[in-house]
Amino acid sequence: MTRKEEVAEKGRRVRSYMANNEIGAVLLGTQANFAWYTAGGDNHVALATESGVATVVVTHEEDYVLTNNIEAQRILEEEVGGLGIEVRSHPWWQGDEAVAVLRDMAEEPFVGDVPLGGAADVAEEIAPLRYSLLSSELQRYRYGGEIVGKVLGDVCLQIKPGDLEGKIAGLMAQGLMAWELIPAVLLVATDRRVFNYRHPIPNGTKPLERYAMLVAVGRYKGLCVSATRLVHFGPLSDELRRKQEAVAHIDATFISHTTPGARIGDIFSAGVAAYEEAGFGDEWQLHHQGGPTGYAPREYRAEPDCDLTVQPNQAFAWNPSISGTKSEDTIILADDGQEIISPTPDWPMLTVQIGETTWERPDILVR
């Protein structure tokens, strides 16, 4: 499927939503939705903002991009060229002019994920249109997964005792960006911080002694790949060995129950039962367990009472953890079942049997 064909399919989904809700135009200005609709286009300048510098405007007949004169040429030439999307701009110093341009190209009422022109916020209604990925999106996703898995493995082999957590995070960022991936999340914990914190922002003054957890979310053409790897210098304690084997089994349980049509709450319950069976029944309460991913690191977090169901070709990143250990990769629901897209080459693995299916989950790398 070409990018232009992909955009046409996205247009059909959005226009069906518009027709069912008597909407004049849909505005897609967040980084996630811009990338989704434009088949991997990028509207960001600042990494730390949810909204970008250009907005897709979908009317009943046409697709437009609305931006300012600073961004228009690059957006046209590098992000939406050849897609049949017209770029319209306004002077950067005249913000009110953007609304005038919008009203010239589309009829109200406006809705979307940005408040331009008084558009109603329907971001939560638009998000499900992204969940079932197209074949071309799966192809891009596999590339992103390959890079994230490789970069984490490379960094785990580069680092050494004495390295600061900030340096380790920098190596991950360098590795991702060298392959055109944006580091959306970088977490690093060493030694006791691995046991104490589930979301360890890298501590710039903390040196590695024996143990490190590396977590990355790399975004490629808008698609987010999540993975975690653990590396230990010297023999593992019996405690760490037992915990990692348990968390690998829990992770495999989540993955094996993630099938098209499955209720998210039921998958969650199976994972919680696996925690209980492993002897760590309360640990799931100390951190969320992940859930659907795609154009956001988590499209939404899985919870016990969630009645949403797994969609065909949807992506998931489960991340069960037991204090001091964690297991995480990104999977897609391909035609032949669950496909793990973020493996690390030559990484030590644990073999887990769930029913009649055997899963390979990452072990702790011992150096």
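Quick note: the coordinates plus some simple rules give every number you see, no bench work behind them. Quick caveat: nothing in here was measured; it's all calculated off a predicted structure. No Cβ is skipped: glycine too gets one built from the backbone with ideal geometry, and neighbour counts run over all protein chains shown.
One decimal place: the segment Gln338-Glu180 gains 54.3 nm when fully extended, by the rule 0.36 nm per residue minus the C-alpha distance. Spin-label model, Lys4/Glu97: points 7 Å from Cα along the beta carbon direction are separated by 3.1 nm.
Averaging over all projection directions, find the projected area of the Cα convex hull of the range 288-367 and quote it in nm² with one decimal place.
With every direction weighted equally, the projected area is 6.9 nm².
The fraction of Cα-Cα pairs per 10 angstrom bin, counted from 0 for the range 67-205, comes to 9, 22, 26, 24, 15, 3, 0 percent, rounded to whole percents.
Compactness of the range 3-130, taken as the C-alpha radius of gyration over 2.2 N^0.38 Å, stands at 0.95. Note on the chain: Kirkwood hydrodynamic radius from all Cα pairs is 21.6 Å, rounded to one decimal. Rounded to the nearest 5, the antiparallel percentage of DSSP beta bridges internal to the chain is 80%.
Please identify which residues in the range 328-347 have an amide N closer than 16 Å to a label point set 7 Å out from the Cα of Ala262, following the Cα→Cβ vector. 328-341, by backbone N distance to the label point. Averaging the Cα positions of each part gives two centres, and for the range 233-290 and the range 154-230 these lie 22 Å apart. Peptide packing: for 186-196, 83-93, the average count of neighbouring Cβ atoms within 10 Å per residue gives the ranking 186-196, 83-93, highest mean first. In the chain, the DSSP-assigned H stretches of four residues or longer account for a calculated mean residue ellipticity at 222 nm of -10000 deg cm²/dmol, using -39500 (n - 2.57) per stretch and the full residue count as denominator. Each peptide among 95-103, 324-332, 25-33 gets the average number of other Cβ atoms lying within 10 Å of its residues, and from highest to lowest they stand as 25-33, 324-332, 95-103.
Taken one residue at a time, the phi angles of the range 164-176 give Karplus couplings (6.51, -1.76, 1.60, θ = phi - 60°) of 6, 4, x, 5, 4, 4, x, 5, 5, 4, 4, x, 5 Hz. Gly and Pro are set to x.
For the range 3-130, what is the percent of antiparallel DSSP beta bridges, rounded to the nearest 5?
In the range 3-130, DSSP labels about 45 percent of beta bridges as antiparallel.
Taking the longest Cα principal axis of the chain as reference, the axis of helix 238-257 is set at about 40 degrees.
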